Structure formats: C-alpha cells, structure tokens
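*Asks:* Take this structure first; my questions come after.
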Amino acid sequence: MIRFRPYPGLTIATLIAVAILIGLGVWQLQRLQWKLALIDTMNRHMAAAPLSLDAILALPPDDAQYRRVALDGAFVNAAKAYVFTTGAGGAAVYHVLAPFRVTDGRMVMVDRGEVETPQPGTEIEGPTHIVGVWRLPDRPGFFTPKPDLARNVWYARDLGNMADVHHVTLAAPDLVEADATPNPGGWPKGGQTVVDLPNNHLSYAITWFGLAAGLAGVYLAYHISKGRLGRV
C-alpha cells in the first residue's frame, strides 16, 4: 500500500509551476504548426508563376507576401538609394533600391540586390523586364541610425521616407526583391530573398515538458526523503 502525505503549500506551488511549464510546451507545439504552415506557404508562393502588379495588389497583404511578380517598365535611377546591411558571410554590403515605373505609370520600389560599395555604374537604363519577390520590408527600429542623405546611404529599407526624399509616389508599401537574373557588369547581385526561417519550436517544447517532468520528479523525491511518500 502506498502512503502519501503531501505538504499542502509545496503541492499547490508545484502544481501551478508544472501547469505553467506544460502550457508553455503546448504553446510551442502550436507555434510549431504555425511555423510549418508558414514555411509551406512561402515555398508554394516562391514556386508559383509570377503575377502581374494588378494581380498582386488585388490580394490580401498577407497572402501577397513571398509571391513572385513580373514587371515591365523602367528604373527611376535618379531616385535610387543604398541600404547598408550585412551579407550572408557577415561582410558589410549595400542593397541598391530604386523606384520602378511600370508601363502604366505606377511605381514600386525594387531591391535590385547587393553591391560592395555605394557607387554609380550599376544602373539599368531604358525599358526593362524584371521578376522578383513581393515583400513587406521591416520598419526602422528605435535604434536604427538616421540616413546619411549626403551619401544617399540608409540603414533600413524605409520606403516611405525614401519616397518622400525623392518626391516619388509608390503604389504599395511593399517592395520587389529582384531575382538572381544577372545584371550588366555583374552588379548588383540579386536573388537575396531569405526564405530559410528558423524552426526550433519542437526543441523548445521538449525543453518545457522536460522541465515539468523534472520538477514533478523533484517534488516526489523530496516527499520520499521526508518519509511522506512510500510503502506501508
């Protein structure tokens, strides 16, 4: 026969803590399903045929993300900007952003890709066909430095302020990240869209569930050591 005489206060505290830890584990499993669905959606959008500007603008904003779009028009090179960031290897690079005027006159911002230094000579003049990925850029943070307008260097893809500085009206707050089609002279290098999202939710869930099990084990071991749990 098993006799168990739990300490009331310790038991209540342990039950609350275990319930919280299990709840966190369940939440991470829910986040895992959300992340898997998001990755699947991104992959399907990236694999689908490119849409027109009208088609992409007709979609709900969330559904438009990571879809490919094809545009015909010309770059407004006088309104280009350089965005300082880091490349895949951690080296400093600059993304070249320029408004693109489609054939009906509307304009969207295009991230043409990376260059090593902010310098002229990478422009494309005249009628151009581009294909890229539709993205909503991250907003500048509280600690994002202000742009260096003298050098035309920005530290975030702040499309609204870029458009205001160059007196450009954009058709959408999103931008097009150009694909890896080579540019004349090799620069900028497109195809910089990041589609590899970290997915550590399963390991987080296992950690929370493990902590819950460990706490329950400590609770039982403590009662055994005090002679309050055992055979009689």
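The values are calculated or read from the model by the stated rules, or taken from the named source; none is laboratory data. No experiment lies behind these values; they were computed from the predicted model shown. Here the Cβ is made from the backbone with ideal geometry for all residues, glycine too, and neighbour counts use every protein chain on show.
*Asks:* Any residue in region 128-150 that's without any contact (Cβ under 8 Å) to a residue 12 or more places away in the chain and not assigned by TED's automatic domain parsing to the domain that holds residue 100: show its pairings with residues that are of a type outside the set (Lys, Arg) and buried (at least 17 other Cβ atoms within 10 Å of the Cβ) at Cβ separation under 8 Å, as long as the two are six or more apart or on different chains.
*Replies:* Qualifying pairs under 8 Å: none.
*Asks:* Next question. Out of the residues in region 1-35 that are more than 37 Å from the chain's Cα centre (by Cα) and of a type in the set (Gly, Ala, Ser), state the one that is farthest from residue 210 (Cα to Cα).
*Replies:* Among residues in region 1-35 that are more than 37 Å from the chain's Cα centre (by Cα) and of a type in the set (Gly, Ala, Ser), the one farthest from residue 210 (Cα to Cα) is 9.
*Asks:* Working only within region 70-92, note down all residues that are part of a strand (DSSP E or B), surrounded by fewer than 21 Cβ atoms within 10 Å (Cβ to Cβ) and under 19 Å from the mean Cα position of the chain (by Cα).
*Replies:* 84, 85, 86
*Asks:* Just checking, which of 196, 174 is at pLDDT below 95 and charged (D, E, K, R)?
*Replies:* 196
*Asks:* Taking residue 185 and the conditions (1) at pLDDT below 90; (2) among the small types (Gly, Ala, Ser); (3) within 28 Å of residue 60 (Cβ to Cβ), which numbered condition does it fall short on, given that it satisfies the others?
*Replies:* Among (1) at pLDDT below 90; (2) among the small types (Gly, Ala, Ser); (3) within 28 Å of residue 60 (Cβ to Cβ), residue 185 violates only (3).
*Asks:* Just checking, which of 142, 100 is part of a loop (DSSP other than H, G, I, E, B) and among the hydrophobic types (A, V, I, L, M, F, W, C)? Explain how you work it out, then say what you get.
*Replies:* Values: 100 fails: part of a loop (DSSP other than H, G, I, E, B).
On inspection, the qualifying residue turns out to be 142.
*Asks:* What pairs come out if I take residues in region 205-224 that are assigned by TED's automatic domain parsing to the domain that holds residue 12 and pair them with residues that are among the hydroxyl-bearing types (Ser, Thr, Tyr) and surrounded by 17 or more Cβ atoms within 10 Å (Cβ to Cβ) whose C-beta lies under 6 Å away, six or more apart or interchain?
*Replies:* Within 6 Å, the pairs are 219/14.
*Asks:* On to the next question. What is the one condition in (1) surrounded by fewer than 11 Cβ atoms within 10 Å (Cβ to Cβ); (2) part of a helix (DSSP H, G or I) that residue 24 does not satisfy?
*Replies:* Among (1) surrounded by fewer than 11 Cβ atoms within 10 Å (Cβ to Cβ); (2) part of a helix (DSSP H, G or I), the lone unmet condition for residue 24 is (1).
*Asks:* Still on this structure, I have one more. Please work out which residue is farthest from the chain's Cα centre (by Cα), limiting yourself to region 124-155 and to residues that are more than 24 Å from residue 68 (Cβ to Cβ) and of a type in the set (A, V, I, L, M).
*Replies:* 150
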